[in-house]
């Protein structure tokens, strides 16, 4: 990780869960992390927690569904910190409802956060990398094991669809970058069940203490592993599951 020390990383959804854990790990590795999220109070708490670490964290209140917020954040980074070397697209939401019960507004919000905003931010960051002539950049899309399962669980159909879309974006973008002879890496990270606020608030009352699960730090360590690979190597897909997890581990029966 030495080559990333002092480099700038942007992490979305950094106020809790996986995003918070990734931001913390990268700061501990010496990176300058710009943490994006809507909950400014949580970001400031994280900033205080990480003071004195090898790197540093800059909290930026940002709603990634708003293009003006994305532009403002990127302009601030460009002006204050310079080039972005790493982007972690982590922000995501979940709908735990039957197909017939989902309202169009909820569906649009899900795809806006999980897919469209990811695409918008990635597009702008790649443009920034190219403008700054960054060759060894790295983009991470935090997807889910849900994007790999051929039969979506009841009450999770739209979430599964959004994660399949993320997988497709990762693979397609990687191919476009390869054709362009760019050295920007694209890694897709697909965790199994991770105990985060997203899961705790999704209404999975049937989960027990015996249900296999990961924790946010596990995913963060996976990201650090992928970042640590040599320049000529890329981790294209990183699937992380708790030991003993099956496709039915957290499905309703």
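Only the coordinates and a few stated rules stand behind these numbers; no lab work does. On a predicted model such as this, the values are computed, not experimentally measured, just so you know. Neighbour counts run over all protein chains shown; Cβ positions are idealised from the backbone, glycine included.
Taking the number of Cβ atoms within 10 Å of each Cβ as an exposure proxy, the fewest-first ranking of 122, 65 is 65, 122.
Fewest-first ordering of 143, 16, 246, 156 by other beta carbons within 10 Å of each residue's beta carbon gives 246, 16, 156, 143. Entry note, the chain: the mean residue ellipticity at 222 nm calculated from DSSP H runs of n ≥ 4, each adding -39500 (n - 2.57), is -12000 deg cm²/dmol after division by the residues and rounding to the nearest 500.
Once the Cβ-Cβ distance of residue 217 and residue 44 is raised to the sixth power relative to R0 = 30 Å, the FRET efficiency obtained is 0.90. Taking 103, 20, 75 as the candidate residues, the one with maximal mean-square fluctuation in a Gaussian network model of the chain, Cα springs under 10 Å, is 103. Among 43, 108, sorting on how many other beta-carbon atoms sit within 10 Å of each Cβ, with the fewest leading, yields 108, 43. Largest mean-square fluctuation among 96, 141, 188, in a Gaussian network model of the chain whose springs join Cα atoms under 10 Å apart, belongs to 96. Stretching the chain fully between residue 236 and residue 179 yields a gain of 19.0 nm (0.36 nm per residue, less the alpha carbon separation).
Which residue, 125, 115, 234, has the most motion in a Gaussian network model of the chain that connects Cα atoms within less than 10 Å? Between 125, 115, 234, it is 234 that shows the largest mean-square fluctuation.
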